[in-house]
1. Given the protein chains as shown and a 1.4 Å probe, how many square angstrom of Phe21 are accessible, to the nearest 10?
2. Hey, with R₀ at 41 Å, roughly what FRET efficiency would Val63 and Ala23 work out to, going by the Cβ-Cβ distance, to 0.05?
3. Only residues of the range 80-110 count here: report those whose backbone N is under 18 Å from the spot 7 Å along Cα→Cβ of Ser71, or say none.
Amino acid sequence: GRRQAVTSIVSGSIERTATQFNASYQWTDRHALTPTHFYTTQDMRAETGLNIYIRQPIRTFSVLPVRIEASADLRNLLAEGYLPFSLSNGQQILLMHTPRSVRGGLSFIF
């Protein structure tokens with residue numbers, strides 16, 4: 001059936017540090033599971049819960065034309081959208097669209 005959802009997205013950059021950020025929050029009905037990848041061409045898709053993505057260039061003092069960037073990807077920080085489900089044999093499982101995750105990385109761009 002149809003479910004309600006409210007989504008907000010904020011993105012921008014800080015000129016002085018060249019930091020780029022995207023933050024989104026999506027509230028859905030308590031018993032809603034939403035499909036993934038609504039728009040595969042977007043950098044940041046709104047997904048259930050609070051999501052933050054940050055990219056920070058790191059200054060290099062090298063003669064080589066190399067850029068270094070650090071990134072942090074924090075998904076579903078409030079652990080929302082988990083749907084408990086009982087099986088016929090009495091076991092319970094937890095259905096989730098987006099599990100809570102914290103990822104980071106370091107990119108070397110030539």
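The values are calculated or read from the model by the stated rules, or taken from the named source; none is laboratory data. Keep in mind it's a predicted model, so treat the numbers as computed, not measured. We place every Cβ from the backbone using ideal geometry, glycine too, and count neighbours over all the protein chains shown. Quick note on the areas: whole protein, heavy atoms, side chains included, nothing else; ligands and nucleic acids left out. Shrake-Rupley method; radii C 1.70, N 1.55, O 1.52, S 1.80 Å.
1. Counting only protein heavy atoms, Phe21 exposes about 70 Å² to solvent.
2. Given R0 = 41 Å and the Cβ-Cβ separation, E is 0.65.
3. The answer is 101-110, whose backbone nitrogens lie closer than 18 Å to the label point.
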